[in-house]
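Shown next, in structure tokens, is the structure this report addresses.
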Amino acid sequence: MRLLALALCLLALPLKAEEVVLGLSRDKVAITATFEGSEILIFGAVKREVAIPDIPLDVVITVAGPSLPVSVRRKDRRFGIWVNTDEVRLDAAPTFYAVATTGPLDQVLSATEDLRHRVSIPRAIRSVGAASMAEDVENFTEALIRIRRDQDAYQLLENTVALDEQTLFRTAIRLPANLTEGIYPTRIFLTREGRVVSQFETAIDVHKVGLERWLFTLSREQPLVYGLMSLAIAIAAGWGASAAFQVLRRG
Amino acid sequence: MQIYLPIAEVSVNAFLLLGLGGIVGILSGMFGVGGGFLMTPLLFFIGIPPAVAVATEANQIVASSFSGVLAHFRRKTVDLRMGTVLLIGGLIGAAIGVVIFNYLKSQGQVDLLVKLCYVVFLGVIGAMMFVESLRAIRQTRRGALPARKKHGWVHRLPFKMRFRTSGLYISVIPPMIVGVFVGILAAIMGVGGGFIMVPAMIYLLGMPTKVVVGTSLFQIIFVTAFTTLLHATTNFTVDIALAVLLLVGGVVGAQFGAMLGTRLRAEQLRILLAIMVLAVCGKLALDLLLTPSELYSIASGAGGGH
């Protein structure tokens, strides 16, 4: 895979007259106790050593969260009640995924390029071997996309990248509050007539900080201590409330 | 005010959680139920992952039950001896329940079974209590004396023990069986089991309603504490931030509940609990019977893989 990528790069080298110079409003997102989501401004310029070609330039920007395996279940009616009957396990689906473009995605990116770079939302989900689990795997992946899109976890933002003079581009991507920790790879593609002419990749680091970080680490590394602490807090709170009320009633 | 929960990894409104905790706490103090059968579905509804909801709920029940039981201790309405017998049964039952649960999980469809369990038990118990307490209310209206306690088969069993607080002299076998049974159901359904325990104590063991509530709470504390530790160490799904918000509301609510409980008459208390149990049962039954708006559901990666 890496060799292939390298070969592709080498092939693309003579053509690579245009390069992305990127800026991010922030490359770290800290999840605090009162985290309400975050908006990231992605902006940049196209650096070129040649004159601007006649064919118009397009920009596609993707931000992806960590990929995790996912089970999608479907209900069906059995003996009058609704039960989960079918299940499809997908190897990896991003917990967050946003695609922003300068135009309709199917026009700015050809199907083959989409397949190669896994840009559109359905392509970002890996479902190798899923076909053997149900006859209609597409329905399951569609359902996954539909449900996550309703939760703002998957966003298709066509026509939201502003491109000036074929050189300066910018867009804003809103990360919802329900974020999973991890490295969020961010990719920028420059395309012409649906073909990728240049590509740039960076990452946004999303992590918990402070108390959130401490509790999460403790729950994973010292589960017994964490459990006992939870119980101690529960008992203390129960006793505290009881004592406080007794004082109130007497007073 | 939105708050991000570190383990659940979702962001929810803090006041909503405080409110939910408060309402369930009132019910807990009033009826001696942990409130898990009500809270767990509510947490699913506001978007907390099921595994986290079940585990955290257990932790919250510890707090509200503890707060409630202290109020009952002060009024001397806890039968410690009965509570201990029930607890021994309960822990045995919980261990058996976990084994059954894991077996069903390996067979799939555990979700459905849990829901069916809820519908069947809530339906049967709710209906029984409703009918019985309605009859009791009518009788007191007519001015007739409530029927004397009958000496049934329960009183002919060996290993008799005197339960002074409850005013009973019965065999330890029935309470032990009740404890085991409730323990099994508690482990499978992920609740404290108060809603089964309370009617079982009233109708099967013939305990006075006032003592039943405190004794049930006493037993629930230990069973849910055990469950919390089990979840924290095996599934890492106890969310302490969520628990704190719920229990702050919960402990305050439990105190109010205990106060309200003393104002109401026993059969009124029972009919209210019956109505509530039936309402939750009805909601769950509808979920199973009506065509869902979304046929598909997602079980996310880490926890849902097995």
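The values are calculated or read from the model by the stated rules, or taken from the named source; none is laboratory data. Here the structure is a predicted model, which means the values were calculated and not measured. Positions of Cβ are backbone-derived with ideal geometry, glycine not excepted, and every protein chain shown enters the neighbour counts.
Here are a few things to note about the model shown:
- With respect to the conditions (1) under 16 Å from B:T56 (Cβ atoms); (2) in contact with a strand residue (DSSP E or B) (Cβ under 7 Å, 6 or more places away or on another chain), B:M207 lacks only one, and its number is (1).
- Residue check, B:G25 surrounded by 24 or more Cβ atoms within 10 Å (Cβ to Cβ), over 22 Å from B:T234 (Cα atoms) and not hydroxyl-bearing (S, T, Y): yes
- Condition check for A:G103: at pLDDT 85 or above and either hydroxyl-bearing (S, T, Y) or touching a Gly at 6+ places or on another chain (Cβ under 8 Å) (or both): no
- Qualifying residue in the stretch B:164-171 (condition: under 26 Å from B:A95 (Cβ atoms) and surrounded by 19 or more Cβ atoms within 10 Å (Cβ to Cβ)): yes
- Against the list (1) surrounded by 19 or more Cβ atoms within 10 Å (Cβ to Cβ); (2) on the phi < 0 side of the Ramachandran plot; (3) of a type outside the set (V, I, T), the condition B:G193 fails is (2).
- Residue among B:V252, B:V244, B:V238, B:V248 that alone is at the interface with chain A (Cβ under 8 Å from one of its Cβ atoms) and either part of a loop (DSSP other than H, G, I, E, B) or hydroxyl-bearing (S, T, Y) (or both): B:V238
- Scanning the stretch A:182-229 for residues that are closer than 22 Å to B:T233 by Cβ and buried (at least 18 other Cβ atoms within 10 Å of the Cβ) turns up A:K208, A:E212, A:L215, A:F216, A:S219, A:P223, A:Y226, A:G227.
- Residue match in the stretch A:63-74 (condition: away from every other protein chain (no Cβ under 14 Å) and not hydroxyl-bearing (S, T, Y)): yes
- Filtering the stretch B:210-235 to residues that are within 10 Å of chain A (Cβ to nearest Cβ), among the hydroxyl-bearing types (S, T, Y) and within 13 Å of the chain's Cα centre (by Cα) leaves only B:T224.
- When residues of the stretch B:25-50 are limited to those that are under 17 Å from B:V213 (Cα atoms) and within 14 Å of chain A (Cβ to nearest Cβ), the one farthest from the chain's Cα centre (by Cα): B:I26
For (1) farther than 26 Å from B:G25 by Cα; (2) touching a strand residue (DSSP E or B) at 6+ places or on another chain (Cβ under 7 Å); (3) assigned by TED's automatic domain parsing to the domain that holds A:T102, each residue gets a yes or a no:
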{"position": "A:G194", "(1), (2), (3)": "yes, no, yes"}
{"position": "A:Q199", "(1), (2), (3)": "yes, yes, yes"}
{"position": "A:I204", "(1), (2), (3)": "yes, yes, yes"}
{"position": "A:L215", "(1), (2), (3)": "no, no, no"}
{"position": "A:S230", "(1), (2), (3)": "no, no, no"}
{"position": "A:I233", "(1), (2), (3)": "no, no, no"}
{"position": "A:A241", "(1), (2), (3)": "no, no, no"}
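- Residue, surrounded by the most Cβ atoms within 10 Å (Cβ to Cβ), within the stretch A:138-173, restricted to residues that are among the small types (G, A, S) and not in a strand (DSSP E or B): A:A153
- The condition of being closer than 25 Å to B:L242 by Cα, modelled with pLDDT of 80 or more and not in a helix (DSSP H, G or I) holds for only one of B:I48, B:I26, that being B:I48.
- Test: residue in the stretch A:87-95 that is within 14 Å of chain B (Cβ to nearest Cβ), in contact with a helix residue (DSSP H, G or I) (Cβ under 6 Å, 6 or more places away or on another chain), part of a helix (DSSP H, G or I) and farther than 25 Å from A:L163 by Cβ: no
- The set of residues in the stretch A:193-209 being within 14 Å of another protein chain (Cβ to nearest Cβ), part of a strand (DSSP E or B) and of a type outside the set (D, E, K, R) consists of A:V206, A:H207.
- Test: residue in the stretch A:210-220 that is more than 9 Å from chain B (Cβ to nearest Cβ), in a helix (DSSP H, G or I) and of a type in the set (K, R): no
- For B:L91, the criteria (1) under 25 Å from B:L278 (Cβ atoms); (2) in contact (Cβ under 8 Å) with a residue 24 or more places away in the chain; (3) away from chain A (no Cβ under 14 Å) hold in every case but one, which is (1).
- Of the residues making up the stretch B:58-88, those that are within 14 Å of another protein chain (Cβ to nearest Cβ) and without any contact (Cβ under 8 Å) to a residue 60 or more places away in the chain are B:L70, B:R74.
- Test: residue in the stretch B:120-132 that is loosely packed, with under 14 Cβ neighbours inside 10 Å, of a type in the set (A, V, I, L, M), modelled with pLDDT under 80 and more than 19 Å from B:I202 (Cβ to Cβ): no
- Here B:E294 meets each of (1) within 14 Å of chain A (Cβ to nearest Cβ); (2) within 19 Å of the chain's Cα centre (by Cα) with one exception, condition (2).
- Residue that is surrounded by the most Cβ atoms within 10 Å (Cβ to Cβ) [pool: residues in the stretch B:1-16 that are in contact with an Asp or Glu (Cβ under 9 Å, 6 or more places away or on another chain) and more than 7 Å from chain A (Cβ to nearest Cβ)]: B:L5
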